[in-house]
Structure formats: structure tokens, C-alpha cells
Amino acid sequence: MKFRPKVSEVLTAYLKQKKEPPWTSYFVKYSSVVNDQFGKSHFNWKVNSSNYHVLRTGCFPYMKYHCTKRPEQDLTLDDALFGAIKFINLGIPTFMYGIAATMLITHKEAVHFPEGAIYIYFLLKEHTGAQY
């Protein structure tokens, strides 16, 4: 059986692997993970002493994550608003983004686990630690 970690484990492992960068933005294939963050669009995510604001959307065949290190805030309203927007537009823009991403991705990196590694994908290679 193929190793498929929870997508939340990939998020935490990658942020730790990169030593808690100021920000990151990546794609992960639905087929590589178990989606335990279904329905979450904007939320706080703790990694050690850091907090990240995570913007997340499904864009088949990927899930897209944009993470920015910021103080914890109540993101309940933001999360509901982003979810409503995705519902109202039937997910068509995010689906188109996923199709475009398959042609625009230029870099991939392995996220390591004791059971093996999975790949995450980037439009451009990130410079670890860069502020922007």
C-alpha cells in the first residue's frame, strides 16, 4: 500500500523541514495525501512556537497552500467568507487554477517522513527564508 500522510502532517513537516520560514506557497497532489483539512480555507496553524495564517483551496488535481507567519487571529469570518465564495462560484475558478498549475509548475521538493517521502510542487523555486 502506498504511503499517504494526512495533508496536515505534510503542512507541519514541510514548515519544520524549512525551519519555519516567513512564508511559503505550494501545491500538493490530492492523490498523495489524506485530506483531513476538508472545508478549511483560512485558518491558524501552529508549528512549535510559530503561528501561520494558512490560505488553502482545492484546485484539482492539487490542493494549494499559502502560509504566512503571523500572530494568531480569529479567522472564523474569513474562513466562512472564502468558503461561501468558493460555493457560489461552484469551484470553477479553482478548478481552472489547478489545470493551469499542471502546466506552470517548475519545481518540486520532497517532504520526508519515516515511512517515505511525498512531493510538493511550486510555480517557482522559493528562496528559503526570503521575506517576499
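How big is the antiparallel share of DSSP beta bridges in the chain, given as a percent to the nearest 5?
Working: 30 of 31 bridges.
In the chain, DSSP labels about 95 percent of beta bridges as antiparallel.
Strictly over 19 Å apart at the Cα level, which of 6/46; 2/29; 18/125; 64/108; 69/108 would you flag in this model? Please report the intermediate quantities before stating the final value.
Working: 6/46 16 Å; 2/29 14 Å; 18/125 13 Å; 64/108 14 Å; 69/108 22 Å.
Over 19 Å Cα-Cα: 69/108.
Taking square-rooted eigenvalues a ≥ b ≥ c of the alpha carbon gyration tensor, is the chain rounded, prolate or oblate, where a/c under 1.5 means rounded and, failing that, a/b exceeding b/c means prolate? Display every interim value, and only then the final one.
Details: a/c = 1.41, a/b = 1.09, b/c = 1.29.
Here the chain falls in the rounded category.
Using the per-residue mean of other Cβ atoms lying within 10 Å as a proxy for protection, in what order, highest first, do the peptides 72-81, 53-62 fall?
Working: 72-81: 12.5, 53-62: 19.3.
Top to bottom by mean Cβ count within 10 Å: 53-62, 72-81.
Which whole-number percent gives the relative contact order of the chain, counting Cα pairs below 8 Å spaced six or more residues apart? Please report the intermediate quantities before stating the final value.
On the way: 214 pairs, mean separation 36.0, N = 132.
Averaging sequence separation for qualifying contacts and normalising by length gives 27 percent for the chain.
Rounded, prolate or oblate: which one fits the range 1-50, using the alpha carbon gyration tensor with axes a ≥ b ≥ c (rounded when a/c is under 1.5, else prolate when a/b beats b/c, else oblate)?
prolate
The numbers here are math on the coordinates, done by the rules we state, and not lab data. Only a predicted model underlies this, so the values are computations on that prediction, with no experimental measurement involved. Every residue, glycine as well, gets a Cβ built from its backbone with ideal geometry; the counts of neighbours run over all protein chains shown.
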